[in-house]
Structure formats: structure tokens, C-alpha cells
């Protein structure tokens, strides 16, 4: 294949919008593909905002040794609420994308895994801390059991609070038709929530549709939702996800 044109003629479903979807579509264009941006999820406020407000108020008072941020969406929530993190509280990011979002928003990042951007890698490479260190983890209502169990195993006193909810967004009839007909040749899956919405709205996928997942946890959730997995991105970034598709297409 011609370098930079490995995906020429491919139409690829990008089921997330915003900056993430724009970056994925741009990377697809670099390889000759057309990214069909059609978000299947969106984010809504927590159903218990008073709990989140209380946790952030105690954060501002210095009640926590660490703030652990696991997604760029949590950063958006923090920015929208004007959250201030005291200098005595260190900030950890689960993955480079989240770290970048924190830095862009003006929050200093004290720890981010150097290689494995998953929750498992985050826990495995966490720096030594005194037992009982206080940790606040604002996150989606779909909490990650790996992160929760890992922090407990390390002996931290971790408090998890819902910062936002993930809700489904219906795709248009045109997009559904293009997927069903095979005109869309590949689907990028960035989370378990995305996988479940694709399964609910678009399954069964045509046999030739290539499904690429971001990391092993998302691949597990995708298979659990009844979808096939053809390739898994090594890093939890949109660029790595597109590269995994390029590698799959090149190998085939």
C-alpha cells in the first residue's frame, strides 16, 4: 500500500464527538480514510450533585492527599465548576490524554504512568505512599472496578464520587443504514459505554466490518456486548486507535 494511503476508500465510524472525534477523523484522513463522526454517547451531570459538591469542598479544604482523575470528561466537569486544588494535594492522571487535558486546564500533574495508560497500569506503577493516604476519585457513574480494587489493595483510603453520567445518543438513520450495508468498513471503539451503544443500536454488524478497540479493558467490554474485536490499540489515544486499524489493514 502507498504510505499515507493505507485506508484509501475506507469509511470509518467515529462514535465519539468533540475534540476526540475531531482528532480521530483527522488521523483517518492522513491515511486516506473518511471518518464518519457520529457520537453514540454524551455526558450528563451527576444525579447527586450535592455529593460531588461536598467532595470538592473538602478537596479545597485540603482533606485529600491525592486527586485521581481518570478521564478528560472529569477535567471538563472540574473546569465548569471552577474547582481549585490546594498545593498540598497532588494530582494523578490515568493516561496521557487525561494528563494533557489537566495540563491544558491549568492543573499540575504529579503522576501519570509512563507506559501503560490503563487503570491496571496506573495502579501497578503508583509511587509508594503511606498506608491510609487519602484519595479522591471523581469519575463516571460507570466506575472502574480495577481502579477501585487496586487502590484498596495498596492500602489507600479512597473515596469515589460520581462526577458525570454517560448517556446514549441515537445515530441517524443514514449512519445506521451505512453500517448495515457495509458502506462503513470499520468502527473505532473507545470505551465500554461506546461498545454497548453500538451493540444496542447497530448490531449485528456485517461480517466484514472491522472493530478496533482502545486497550484490553475496552476489548473485553466489547466482546461482552456481543461484538467481534479485530484489533486492539496499545495506547489509550485516538491516534493509537487509528494506527491499530492501519496495521490491521496493512497486514490483511
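Things to note:
- All of 167, 175, 187, 171 fail the test of being in a strand (DSSP E or B) and modelled with pLDDT of 95 or more, apart from 187.
- Neighbours by Cβ (under 8 Å, 6+ apart or cross-chain): first from the range 240-252, more than 14 Å from residue 4 (Cα to Cα); second in a helix (DSSP H, G or I): 241/24
- Matching residues, the range 200-219, being in a helix (DSSP H, G or I) and touching a helix residue (DSSP H, G or I) at 6+ places or on another chain (Cβ under 8 Å): 201, 202, 217, 218
This table checks each residue for (1) in contact with a strand residue (DSSP E or B) (Cβ under 8 Å, 6 or more places away or on another chain); (2) farther than 27 Å from residue 57 by Cα.
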| residue | (1), (2) |
| --- | --- |
| 144 | no, no |
| 151 | yes, no |
| 156 | yes, no |
| 161 | yes, no |
| 164 | yes, no |
| 179 | yes, yes |
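- Within the range 71-82, the only residue that satisfies the criterion of being surrounded by 20 or more Cβ atoms within 10 Å (Cβ to Cβ) and assigned to a loop (DSSP other than H, G, I, E, B) is 71.
- Here residue 59 meets each of (1) surrounded by 20 or more Cβ atoms within 10 Å (Cβ to Cβ); (2) within 26 Å of residue 237 (Cβ to Cβ) with one exception, condition (2).
- Residue within the range 10-28 that is loosely packed, with under 15 Cβ neighbours inside 10 Å, in a loop (DSSP other than H, G, I, E, B) and modelled with pLDDT of 95 or more present: no
The values are calculated or read from the model by the stated rules, or taken from the named source; none is laboratory data. Everything numeric in this text was worked out from a predicted model, so none of it was measured. Note that we place each Cβ from the backbone using ideal geometry, even for glycine, and neighbour counts take in every protein chain shown.
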